[in-house]
Amino acid sequence: MQERVIVSIDVGTTKICVLVGELDRDGKLNIVGVGTCPSQGLRRGVVVNIEETVTSIAAALDRAERLSGKKITTAYVGIAGSHIASENSKGFVAISPSNRDIVQNDISRAIEVARAIAIPANREVIHVIPRGYVVDGQEGIKNPIGMSGFRLEVETHIITGAVSSIHNLIKCVHKARVEIEDLVLEPLASSEAVLADGETDLGVALVDIGGGTTDIAVYADGAIWRTVVLPIGGNLITSDIAIGLHLPFGVAEELKVTYGHCDPSTIADDEMIDLSQFVPDSDDLVPRKLLAEIIQARVEELFEMVHEEIRKSGYDGLLPAGLVLTGGTAELPGILGLAGQLLDLPARIGSPLGLHGLADSISRPSYATAVGLLQWALTHTSFLIGDEELEEDGPTDFISRFGRWLRA
């Protein structure tokens, strides 16, 4: 009995995370290896120093291999950055007169037509995701295969990125001696890990707040509607703390993680933080309320930007499932209440769901993307295990596969 090993690499601005999952004969994914390493060479989700990034990826891979006992040769890799853009596009095709039943080839042709949008030469398609189908005017169809009709229409969500940013990320992974199974937009991956059944049907906004970027995915009618990557994240909060309190960046980060809060009203005026635990020989004291005020100001700015993107989606006030916050910065105390108040939406913190194996160590919002990449692989890829094959759910035709066009 052969077991399939799946690996994910979350190349984040603040940390690299590698997860090793093992798919057993029952289709259950067990996490058997975890490797994390501080990230170097990235800025706001984009590679700015290849050698530093390769070193960080290699270190995380080594730790995951040591823990899992597996040799990592291929992986699913997350991509983000402010260069990401998206739009919705429709494609129409006529069904063959010789056979009015819709087959996979008809769907592929419709997606090809939808994909034929004008994009600049310096951009590349990352995903073409079918949102839904219309057969002879009948809407709301999720899987048209086998239906009879004369005309098939597909609505797709198309995600593109800057060619240079994509190439540099893939070059770093290849230099770490790993081949890429697929490149996946990080908010799509995070959604796989933290969104519950039914939330995408109701309408929900996922907000993944990382160190360098904030990734937004708006879902409506069971499918992705809008994706955005904002060039702001937890590192900017840390920078504000460092500037406001005249501290080194590293000390400001430790202060944020240990004592940070998004609601100054919950903190007593006389509560002080002794900096000697972070800065040797220091006898300075910092009011914890001041720290919270600095954090609150930046987080409010962040959620104002998120609210604007939801308004642009056309679904402001039309997301009954509300807001799901994930990513490392979502672990800040008080952030949930502030988000719900500013966006006037029900809100919850999203942690990875349905984990097995080393679940305790990664059941946190900061691991949402890495876990989601593994779950993306299960949802969108066929795996051969022994004599059985686990097929993907529903018809998908992701035309852009990076291993092909990069090696061309």
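The values are calculated or read from the model by the stated rules, or taken from the named source; none is laboratory data. This is a predicted model, so every value here is computed, not measured. Positions of Cβ are backbone-derived with ideal geometry, glycine not excepted, and every protein chain shown enters the neighbour counts. We work out accessible area using only protein heavy atoms, side chains counted, and drop any ligands, DNA or RNA first. Shrake-Rupley method; radii C 1.70, N 1.55, O 1.52, S 1.80 Å.
For the reader, a short list of remarks on this structure follows.
- Taken over the chain, the alpha-carbon convex hull comes to 150 cubic angstrom per residue.
- Computed extension gain for residue 258 through residue 25, at 0.36 nm per residue and net of the alpha carbon distance, reaches 79.6 nm.
- Relative intensity, log₁₀ I(q)/I(0), of segment 135-216 from a Debye sum that treats every alpha carbon as a point, q = 0.11, 0.19, 0.24 Å⁻¹: -0.54, -1.04, -1.21
- Rough spin-label spacing in nm, given labels placed 7 Å along Cα→Cβ, for residue 103 and residue 171: 4.3
- Set 15/171; 15/289; 142/312; 256/312; 15/312 screened for pairs whose C-alpha atoms are more than 20 Å apart: 15/289; 142/312; 256/312; 15/312
- Measuring nothing but how far apart in sequence close Cα pairs (under 8 Å, 6+ apart) lie, relative to its length, segment 192-333 scores a relative contact order of 32 percent.
- Between amide H atoms placed 1.01 Å from N, distances below 5 Å from residue 15 occur with 39, all of them 5 or more places distant or on a separate chain.
- Ranked by the mean number of other Cβ atoms within 10 Å of their residues, highest first, the peptides 344-351, 277-284, 358-365, 75-82 fall in the order 75-82, 344-351, 358-365, 277-284.
- Taking the helices alone, the chain has a mean residue ellipticity at 222 nm of -10000 deg cm²/dmol, built from -39,500 (n - 2.57) per DSSP H run of at least 4 residues and averaged over all its residues.
- Compactness index (Cα Rg / 2.2 N^0.38 Å), segment 230-342: 1.18
- For residue 28, the lysines whose Cα falls under 21 Å of its own Cα, not counting residues fewer than eight places away in the same chain, are 70, 71.
- In this structure segment 218-343 gives 43 Å² per residue of accessible area when probed at 1.4 Å with all protein chains present.
- Mean separation of Cα contacts under 8 Å, 6 or more apart, over the residue count of the chain: relative contact order %: 19
- Spin-label model, residue 50/residue 311: points 7 Å from Cα along the beta carbon direction are separated by 4.2 nm.
- Only the Cβ atoms of Lys and Arg (+1) and of Asp and Glu (-1) were treated as charged; on that basis the dipole of the chain about its Cα centre amounts to roughly 1320 debye.
- Each Lys and Arg contributes +1 and each Asp and Glu -1, all at the Cβ; summed about the Cα centre of segment 191-247, the dipole is approximately 300 debye.
- The dipole here belongs to segment 43-191: it is taken about the Cα centre, uses +1 on the Cβ of Lys and Arg and -1 on the Cβ of Asp and Glu, and is about 360 debye.
- The packing ranking, built from the mean of other Cβ atoms within 10 Å per residue, places the peptides 297-306, 10-19, 134-143 in the order 10-19, 297-306, 134-143, highest first.
- Surface share of carbon and sulfur [accessible, 1.4 angstrom probe, percent] for the chain: 48
- Amide H contacts of residue 185: 79, each under 5 Å away and 5 or more positions distant or on a separate chain (H built 1.01 Å from N in the peptide plane; Pro and chain starts excluded).
- J(HN,Hα) series, segment 243-251, from Karplus relation 6.51 cos²θ - 1.76 cosθ + 1.60, nearest Hz, glycine and proline x: 6, x, 10, 6, 10, x, 4, x, 5
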